1. Do we find that Gly289 is surrounded by fewer than 20 Cβ atoms within 10 Å (Cβ to Cβ), touching a Pro at 6+ places or on another chain (Cβ under 7 Å) and more than 17 Å from Gly444 (Cβ to Cβ) in this structure?
2. Name the pairs whose Cβ atoms lie under 7 Å apart, with the first residue in segment 228-242 and at pLDDT 95 or above, the second among the acidic types (Asp, Glu) and away from the ligand (no atom under 12 Å from the Cβ), and 6 or more positions between them or separate chains?
3. So if I check each of Ser374, Ser385, Ser360, which one is among the hydroxyl-bearing types (Ser, Thr, Tyr), out of contact with any His (no Cβ under 9 Å at 6 or more places or on another chain), closer than 23 Å to Gly139 by Cβ and in contact (Cβ under 8 Å) with a residue 60 or more places away in the chain?
4. Do any strands (runs of 3 or more DSSP E) entirely within segment 429-495 hold 1 or more residues that are within 19 Å of Gly408 (Cβ to Cβ) and either within 16 Å of the ligand (Cβ to nearest atom) or over 23 Å from the mean Cα position of the chain (by Cα) (or both), and if so, which?
5. Of all the residues that make up segment 198-217, how many are more than 16 Å from the ligand (Cβ to nearest atom), buried (at least 19 other Cβ atoms within 10 Å of the Cβ) and outside any helix (DSSP H, G or I)?
6. Based on this model, can you work out whether Gly550 counts as of a type outside the set (Asp, Glu), at pLDDT below 95 and in a loop (DSSP other than H, G, I, E, B)?
7. May I ask you to say which residue of Ala166, Ala152 is touching a residue at least 40 places away in the same chain (Cβ under 8 Å), away from the ligand (no atom under 15 Å from the Cβ) and surrounded by 14 or more Cβ atoms within 10 Å (Cβ to Cβ)?
8. Select from segment 178-197 the residues that are surrounded by 13 or more Cβ atoms within 10 Å (Cβ to Cβ) and not in a loop (DSSP other than H, G, I, E, B) and write down the one among them that is nearest to the chain's Cα centre (by Cα).
Amino acid sequence: MKFPSRRGTLAGLSGFTGIVALSGTAAARGLGDGAFTHGVASGDPTTNSVIIWTRFVPKAAVPGPVRWQVARDEAFSRIVAEGSALAKPETDYCIKVDATGLAPGQRYFYRFLSRSGPSVTGLTRTAPERGREPLTIAGFACSMLPAGYFRAYADAATRDDIDLCAHVGDYIYEYGDELRQFAPNMLSERTWEPKTEIVTYADYARRYASYRADPDLQELHRVKPFVHVWDDHEFTNDAWREGAQNHQPLTEGPWLPRRDAAAKAWFDWLPVRPQPGEPRRIHHTLKWGDLAHLIMLDSRLMRDKQPDSWQSLLTNFADGDRARFDREALRLWQDEIGAPNRTVLGSDQETWLAGQLKASRDAGMNWQVLIEGSVLGRFQMPRQSEAWLAPDASANEKKTRRILAQVGELGLPFDTPLWSGFPAARERLLASCKANGSNVFAFGGETHIGWAFNLPGGEDGPAAVEIACTAVTSSNSFRPHGFDDASREAAFIEASPELAWCDVHHWGYTSVRFDAKAATADFTGFRSISTRDTPVAKRSQLVAETTKVGVRPWIVS
Ligand SMILES: [Fe+2]
């Protein structure tokens, strides 16, 4: 089935014929008056169900219900599931329905109806029950709204080949407009609410409303089902089990209410399936025929606190004897950062993951696709990177870069808020992939750079291959001024044994097509995000083949 063009349905035109037929009927008279304010969305497709989402702000203090419909055809003449739902203030008027009783491997149209008119018509699909039909997942990370236009979302929305979108976190950012002082490239026309840092449920909900007013994000949600995991900025910067770098209890109150408010807004605003009795549980699996299990992980809320930065740990060793610096760096790495009990997933989730990997392999699945918010692969700071700093860089910036490059020369990673800062937990996860999975792939994000890693698994091949997605709009500090200069990528690859490919230049996204033989990753990059119509500037393709004993390393074409 070919879906209609975005132009045909964007303004609710396809739904309009339906509401004309409906208005004046008993069904329409029973429905509420109000407005669908943020389009529609769908997510977490199983073989027979999918979550459908909308937001309906009623006119009356006592709201009436809306009707939802899922159909095989755009005219809604073949409705396969329908029902009614009520928008409530306690969910910020977001409506989520688990539409069940659907057929496997089918594409569907869905919409919501009110007395005031219909929502736009959404497009979604269910997972296949059997077979090894290919699956294409588009991965996204890090969408800083004021930094630019969501070119990545807009581009993906036009592609017929994408089955599913995976957002791996930093879907929103918590900062207020003070950010604009430190980041002069922010666009004045890209505004968000509230203007201050978000702390309460009402704040987080308003921030989601700002994001979902973006027409490109709204359109992608309308035409593709999503799976989501969260990272730190859905809460606040560098969040962990008991707090966050950007959470100040003295002025912002205790951590747990803020965490819970942020999680509730995430669940209310995103088309994810809640798990009964577990309001913050996001780890779960979805099955795609006999081809793959998707395994969503929470790499944020169960984790220990990240290590202090190398620059703060080693500042007093930086200007003296190099042998002493090296000894201290290795001691910290082995004894403190490397302490065996340090965790990212927490022991319950680790045990659960091992079971899911094994069950998937035992069921004959070709792929286990991990979807998580951080980066598993390690990258070292190249020595040449000291020369990448701006000529007016401060003495402190130069010292920091030198410390990180020296740490890199010891073979140690520098970005320790990532899995790199939890080496024992990373080793456990990779050992579990190797022992329990068949061919393991990981989607990550977080660094605003595109990476492809071969994650070490011993002599007979990687434990997994990883694509860490570049940012939709967030910035990184390695982007050079000259776009034809690939020397920074080459330096990272040379310094980092696990790294097969990287891109520090572009914003964008990566789609990955999984079939029984291989994972084929296609990177789509944009040089600029300062207008809504900048063209695609870079495409790269990488292939990782499956075998009976595990995935092969990336081949960069
Ligand atoms: Fe980010």
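1. Numbers: surrounded by fewer than 20 Cβ atoms within 10 Å (Cβ to Cβ): yes; touching a Pro at 6+ places or on another chain (Cβ under 7 Å): yes; more than 17 Å from Gly444 (Cβ to Cβ): yes.
Spelling it out, Gly289 is indeed surrounded by fewer than 20 Cβ atoms within 10 Å (Cβ to Cβ), touching a Pro at 6+ places or on another chain (Cβ under 7 Å) and more than 17 Å from Gly444 (Cβ to Cβ).
2. What qualifies is Val229/Asp298; Val229/Glu372; Trp240/Asp304; Arg241/Asp304.
3. Details: Ser385 fails: closer than 23 Å to Gly139 by Cβ; Ser360 fails: out of contact with any His (no Cβ under 9 Å at 6 or more places or on another chain).
After applying the criteria, what remains is Ser374.
4. On the way: elements: 440-444, 450-455, 464-468.
Qualifying strands (runs of 3 or more DSSP E): 450-455, 464-468.
5. Matching residues across segment 198-217 total 2.
6. Numbers: of a type outside the set (Asp, Glu): yes; at pLDDT below 95: no; in a loop (DSSP other than H, G, I, E, B): yes.
The answer is no for Gly550.
7. None of the other options fit; the residue is Ala166.
8. Filtering segment 178-197 for residues that are surrounded by 13 or more Cβ atoms within 10 Å (Cβ to Cβ) and not in a loop (DSSP other than H, G, I, E, B), the one nearest to the chain's Cα centre (by Cα) comes out as Leu179.
The values are calculated or read from the model by the stated rules, or taken from the named source; none is laboratory data. Note that the coordinates shown come from a computational prediction; the quantities given were computed from them, not determined experimentally. Virtual Cβ from ideal backbone geometry, glycine too; neighbours counted across all protein chains shown.
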